[in-house]
Amino acid sequence: MSREQLHEDLKRYFGYSEFRQGQQEIIEDVLEAKDVLGILPTGSGKSLCFQLPALLQSGVTVVVSPLISLMVDQVRQLKVKGVKSVTALNSFMEVKERAAVLNSLPNYRLIYLSPEILQNSRVAAKLKELHVNLFVIDEAHCISQWGHEFRTDYLKLNEMIKELGDPPVLALSATATPEVQQDIKIQLNRPHMVPHIYKMDKPNMSFEVEYLEDPGEKIERIKTILSNQPAPTMIYFSSRSAAEKVAEELWLTMDQRVAFYHGGMENIDRLLVQQQFMNDELDVVCCTSAFGMGVDKPNIRRIIHYHFPGQIESFIQEIGRAGRDGKPCASLVLHTHRDHYLPQLLIEKELPKNEDAARVFHWFDRNERLLSDEEMLETLQLSDSQWNFIKFHLGKSGVITRNNIEIKENWKVIQAELLNRLQERWNYKNSKYKQMINWLFYDGCRRKMLYSPFQSEVRSPQAGCCDYCGSFMKDLHIPQKEVSRAQYSSWEARLRAIFLQEPSDG
């Protein structure tokens, strides 16, 4: 296909006259049935790299996506553009609705689903009946970031790709170090993927870390910032309860529209909060890392971290939500001496310790069948991700087949291998944590330090650079606009209005 024709198709399907950086090159390789690894900055339009080929080729494009909200939003945007042959399979669907979609899968060109849904035997069987000509992993860094313990179904994608006829693979991400890029290739068994790697630094963003003596000072600092310059703002927390508490405090004391968002909420509540933020019906969202992917809102001006994340990649993902319109935006990390404990606790919840593994080995020695996952968690006193890590590796070694336990002759060797793998993950997680800590306390240009694991140099900033270079959150220029407060007198009434109001059609 000629480049002229590709531009015509871009205009016809999406209304754009030009491709953004990297899009055309990736699409051309995809149309030539090459395996492709694309690393483009947040807000660069990665989804177009598979959406346009899906419309230009025969057959089906399968897209593995990490979050329901991300799938739903992309499906909605495509349908608004007139693309009707798109659907998403997820756990949010009613049983009848999912059955109806499964029975009509041949009618779709583009099918979104999660790695967990892809492991459903009925879904897999239906997909095998189709001609899948492109397999896409959106937010592919999740393979490396989440696949090894939290969501081990990411490590099974290669098996499913084979079962679907070994179609070409497109893996896309905004944050992948050379190390993570290599892990993606290894886990997908695609060592020769064509790389399209672009700089991910944000020239329109400034960076600041502010040290405070007490956690209580954080809320007052946030109030001051929001009062001085109202603007779309996301505030990140590592604790669900803290996100709720701060959201309530801001609601009660400020003339701004505030809501919280975290993974413990019902799906419908999360989708409504996201939709209202996208439609400028909310000014501030207090959220955990569950909120972010798929939030393609162009005018977010500020990302404030009440708690810092446990690794640089997560931080870059989260600040990437701001300034997608290319206008100045800012990142502020509020930090006290107590904050470093929380990321360490989260790592401990993600990975089992040696004594946890020993407890599992002891139980396996005395049983022949697994209990349900819920019963295993209670019996072995493990978190979901801790059990997922052990279960995946014992399944890979053949100790677990379906729900049966088959102790091998080399059982001691298998145990030693699992413990070695566990130690590797502990070392990896701790190294990522230390990298984040080093950035927080770095006495130099924060922009250069932040992106140094990903690229050799950064572009000249279009806004203030960082607090070391003399730029601060207060220097961010935000056009003043009136922010109207919702007409409710109580926290409960405001929250009920936010969660139960129908989303707009826009």
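This table checks each residue for (1) hydrophobic (A, V, I, L, M, F, W, C); (2) more than 19 Å from V333 (Cα to Cα); (3) outside the structural domain of A174 (by TED's automatic domain parsing).
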{"position": "K245", "(1), (2), (3)": "no, no, yes"}
{"position": "L250", "(1), (2), (3)": "yes, no, yes"}
{"position": "E266", "(1), (2), (3)": "no, yes, yes"}
{"position": "V285", "(1), (2), (3)": "yes, no, yes"}
{"position": "T288", "(1), (2), (3)": "no, no, yes"}
{"position": "F291", "(1), (2), (3)": "yes, no, yes"}
{"position": "I303", "(1), (2), (3)": "yes, no, yes"}
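Yes or no: segment 414-423 includes at least one residue that is surrounded by fewer than 12 Cβ atoms within 10 Å (Cβ to Cβ) and outside the structural domain of V209 (by TED's automatic domain parsing). It would help to see each step written out before you state the result.
Of all residues in segment 414-423, those surrounded by fewer than 12 Cβ atoms within 10 Å (Cβ to Cβ) come to 416, 420.
Going one step further and asking which of them are outside the structural domain of V209 (by TED's automatic domain parsing), we end up with 416, 420.
Within segment 414-423, one or more residues are surrounded by fewer than 12 Cβ atoms within 10 Å (Cβ to Cβ) and outside the structural domain of V209 (by TED's automatic domain parsing).
In this structure, does R369 turn out to be within 22 Å of the chain's Cα centre (by Cα), at negative phi and of a type in the set (K, R)?
No: the conditions fail for R369.
Condition check ((1) surrounded by 19 or more Cβ atoms within 10 Å (Cβ to Cβ); (2) assigned by TED's automatic domain parsing to the domain that holds C142; (3) of a type outside the set (S, T, Y); (4) closer than 30 Å to L476 by Cα) across all residues:
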site	(1), (2), (3), (4)
S314	yes, no, no, yes
K353	no, no, yes, no
H362	no, no, yes, no
M376	no, no, yes, no
T379	no, no, no, no
G395	no, no, yes, no
V399	yes, no, yes, no
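Evaluate the following for V30: is it more than 28 Å from N267 (Cα to Cα), touching a Pro at 6+ places or on another chain (Cβ under 8 Å) and in contact (Cβ under 8 Å) with a residue 60 or more places away in the chain?
The answer is yes for V30.
What do you reckon, is P309 assigned to a loop (DSSP other than H, G, I, E, B), buried (at least 17 other Cβ atoms within 10 Å of the Cβ) and in contact with a Phe, Trp or Tyr (Cβ under 9 Å, 6 or more places away or on another chain)?
Yes.
In contact with a helix residue (DSSP H, G or I) (Cβ under 9 Å, 6 or more places away or on another chain), closer than 22 Å to S173 by Cα and surrounded by fewer than 21 Cβ atoms within 10 Å (Cβ to Cβ): is that true of K349 in this structure?
Details: in contact with a helix residue (DSSP H, G or I) (Cβ under 9 Å, 6 or more places away or on another chain): yes; closer than 22 Å to S173 by Cα: no; surrounded by fewer than 21 Cβ atoms within 10 Å (Cβ to Cβ): yes.
In short, no.
Return the pairs, sorted by first residue and then second, in which the second residue is in a strand (DSSP E or B), the first residue lies in segment 280-291 and is closer than 16 Å to F315 by Cα, the beta carbons are less than 6 Å apart, and the residues are 6+ apart or on different chains.
C286/I235; C286/F260; C287/Y261; F291/Y261
Taking E159 as the residue in question, decide whether it is without any contact (Cβ under 8 Å) to a residue 60 or more places away in the chain, more than 30 Å from H477 (Cα to Cα) and out of contact with any helix residue (DSSP H, G or I) (no Cβ under 9 Å at 6 or more places or on another chain).
Answer is yes for this residue.
Is it the case, given these coordinates, that E139 is at positive phi and not in a helix (DSSP H, G or I)?
Judged against the criteria, E139 is a match.
As an exercise: evaluate G147 against (1) more than 20 Å from Q423 (Cβ to Cβ); (2) assigned to a loop (DSSP other than H, G, I, E, B); (3) within 13 Å of the chain's Cα centre (by Cα) and give the number of the one condition it does not meet.
Result: G147 passes all but (1).
For segment 128-173, which positions are in contact with a His (Cβ under 8 Å, 6 or more places away or on another chain) and under 30 Å from P352 (Cβ atoms)?
Matches in segment 128-173: L155, S173.
Only one of (1) surrounded by fewer than 19 Cβ atoms within 10 Å (Cβ to Cβ); (2) touching a Phe, Trp or Tyr at 6+ places or on another chain (Cβ under 9 Å); (3) more than 27 Å from Q275 (Cβ to Cβ) is not met by V60, so which one is it?
With respect to (1) surrounded by fewer than 19 Cβ atoms within 10 Å (Cβ to Cβ); (2) touching a Phe, Trp or Tyr at 6+ places or on another chain (Cβ under 9 Å); (3) more than 27 Å from Q275 (Cβ to Cβ), V60 is out only on (1).
The values are calculated or read from the model by the stated rules, or taken from the named source; none is laboratory data. Computed from a predicted model, the values in this text were never measured in an experiment. Reconstructed Cβ throughout: ideal geometry from the backbone, glycine too, with neighbour counts over all protein chains shown.
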